[in-house]
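One structure is given below, encoded as C-alpha cells.
The values are calculated or read from the model by the stated rules, or taken from the named source; none is laboratory data. Because the structure is predicted, anything quoted here is derived from the model rather than measured. For neighbour counting, all protein chains shown are included, and Cβ atoms are generated from backbone atoms with ideal geometry for every residue, glycine included. For accessibility, only protein heavy atoms count, side chains too; no ligands or nucleic acids. Shrake-Rupley method; radii C 1.70, N 1.55, O 1.52, S 1.80 Å.
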Amino acid sequence: MHHPLRHLAMLVFALGVTSEPLGAQGITSAAVEGRILQADSTPVDGAVVRATSVASGAHWQVMTDDAGRYFLENVEVGGPFIIEARRIGFTPARRSDIRLALGQRFRADFVLEPTAVGLGDVTVTASADPLLNSTRTGPEHVVSGTVLAGLPNLARDLSLVAALAPLAVLRPLGGISIGGQNQGFNSLQIDGGVNADLYLGRSPGGASPSGSLPEVLPHAISLETVSEFQVLAAPFDVRFGNFAGGLLNAVTKSGTNDLRATMFGYVQDGHLVGKNTAGRRPDFTTWQFGGTVSGPIIRDRVHFFANADIQQRVV
C-alpha cells in the first residue's frame, strides 16, 4: 500500500538533487511606481493606473493598494509614455511625454481631486528623474537609441559605445575593461540572455590580431537592432549574477504601429589608409550594408521588426 508513496518521494528527491540552481536573469525593462493621494494626503485605494506607449499602443495597468501605492513592472524601455490615474468619483490625472531608461524605476505620484461630474483631463508636466536616488544599485551609464544612431562607429561594435561610460576603457587587442577589472570578468547580455565570449571575456566578433592586418569578424548583433544600451560597473542588484566585473546590457528594438524602413552602407579601402614606415599601404576592401523594416501585424497588439546586416571583406 505504501510503495507508490515511497516511489514518489524518491522521485522528488532525485529531481531535487539533479536539478541545477537557477541563475540570475538580466534586466530588459523599466518600472513605474508611486502613490495616488487626495489633497489632504488621504490615500486613494482601488485607483487604476495605466501606462501607454504612444508609438506601439502597448499598455500596462495596475490598481493601487490600501495605502495608495502602485507598481508597474516589466515596462518596455524608451517612450514616450502616457501615465494616467483614475478612479470613480475623482478627476482623472495624467502625465505625458515620459521616457523610461533601461533598468530605471520611474516615480510618478498623483493627487486626485474629488468630483461629482465628468471633467476634462488634468495634464501634469513630468519632472526629470534625479541622478541620485535610492533605486540605483551602482554606477551606470545608459546610451539611448538616439545616441547610438548619431555616434560615428567605424567598427560598428557595441564595445566602442560602452567606452562612453566613465569607468570603461577599450583594450588594445579588443574587449573592454570596466572599473579596472580584467575583461574576462565582464558579461554581455542581449534581451536578458548571455552573449559574451566566455573564453576571451568580450563581445563576440570585433578585431582579432592576425599578422600585420587585423581581421574584422562579424558581430553577434547589429547596431541597427539595439534600442538601448546600459553599462553597469559591478552592480550589487540581486537580479544580476554570473559575473564579477562589469555588465554590458542591451535590449533590442520592436515594431510599432508605423511602418518604417532604414538602409545603411559603409566602405573601407586600403587606398584611404596612410602608408606605413615601409611606404606600403594595406590591400583590403570592406563593405558593410543592410537595413531594417518594422511595422504592425495587428495594430496595438502584434508587431514585427526585421534586420539584415551584411559584411564583405576582401584582403
When only the heavy atoms of the protein chains count and the probe is 1.4 Å, how do PHE304, PHE243, PHE110, PHE71 rank by accessible area, highest first? PHE71, PHE304, PHE243, PHE110
Only four residue types carry charge here, +1 at the Cβ of Lys and Arg and -1 at the Cβ of Asp and Glu. Report the dipole size of the range 29-100 about the Cα centre in Debye, rounded to the nearest 20. 220
How much accessible surface does LEU173 have with a 1.4 Å probe, in Å² rounded to 10? 120
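Counting other Cβ atoms within 10 Å of each Cβ, which trypsin sites (Lys or Arg not before Pro) in the range 219-315 have at most 15 and sit in a DSSP loop?
Details: sites: ARG239, LYS253, ARG260, LYS275, ARG280, ARG299, ARG301, ARG313; in loops: ARG239, LYS253, LYS275, ARG280, ARG299, ARG301.
When the trypsin sites (Lys or Arg not before Pro) of the range 219-315 are filtered for loop state and at most 15 Cβ neighbours within 10 Å, ARG239, LYS275, ARG280, ARG299, ARG301 remain.
Where Lys and Arg each count +1 and Asp and Glu each count -1, what net charge lies around PRO43 among other residues with Cβ under 15 Å from its Cβ? Each step should come with its number before you reach the end.
On the way: positive: ARG35, ARG69, ARG87; negative: GLU33, ASP40, ASP45, ASP65, ASP66, ASP109, GLU113.
With Lys, Arg at +1 and Asp, Glu at -1, the neighbours total -4.
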Could you state the number of Å between the C-alpha centres of the range 59-101 and the range 270-308? 39
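Once R0 is set to 35 Å, what does the formula 1/(1 + (r/R0)^6) return for the Cβ-Cβ distance between ALA126 and LEU154, expressed as a FRET efficiency to the nearest 0.05? Walk me through the intermediate numbers first.
Values: r = 37 Å, r/R0 = 1.05.
Once rounded, the FRET efficiency stands at 0.45.
Using a Förster radius of 25 Å, what is the FRET efficiency between ASP258 and ASP109 based on their Cβ-Cβ separation? Nearest 0.05, please.
Numbers: r = 32 Å, r/R0 = 1.28.
Result of the calculation: an efficiency of 0.20.
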So how much accessible area does GLU140 have, in Å² to the nearest 10, using a 1.4 Å probe? 70
Taking N as the residue count of the range 29-87, its alpha carbon Rg divided by 2.2 N^0.38 Å gives 1.15
With labels modelled as points extended 7 Å from the Cα through the Cβ direction, what inter-label distance (nm, one decimal) is found for VAL194 paired with MET63? 4.2
With a cut-off of 14 Å, note down the residues of the range 138-157 whose backbone N falls inside the zone around a label point 7 Å from the Cα of LEU272 toward its beta carbon. 152-156
Please give the charge dipole size of the range 213-296, origin at the Cα centre, charges +1 on K and R Cβ atoms and -1 on D and E Cβ atoms. Round to the nearest 20 debye. 180
Got a number for the accessible area of ASP157? Probe 1.4 Å, square angstrom, nearest 10. 20
Enumerate the amide H contacts of GLY34 below 5 Å, restricted to partners 5 or more residues apart or on another chain; note that Pro and chain-start residues carry no placed amide H. TYR70, ALA108
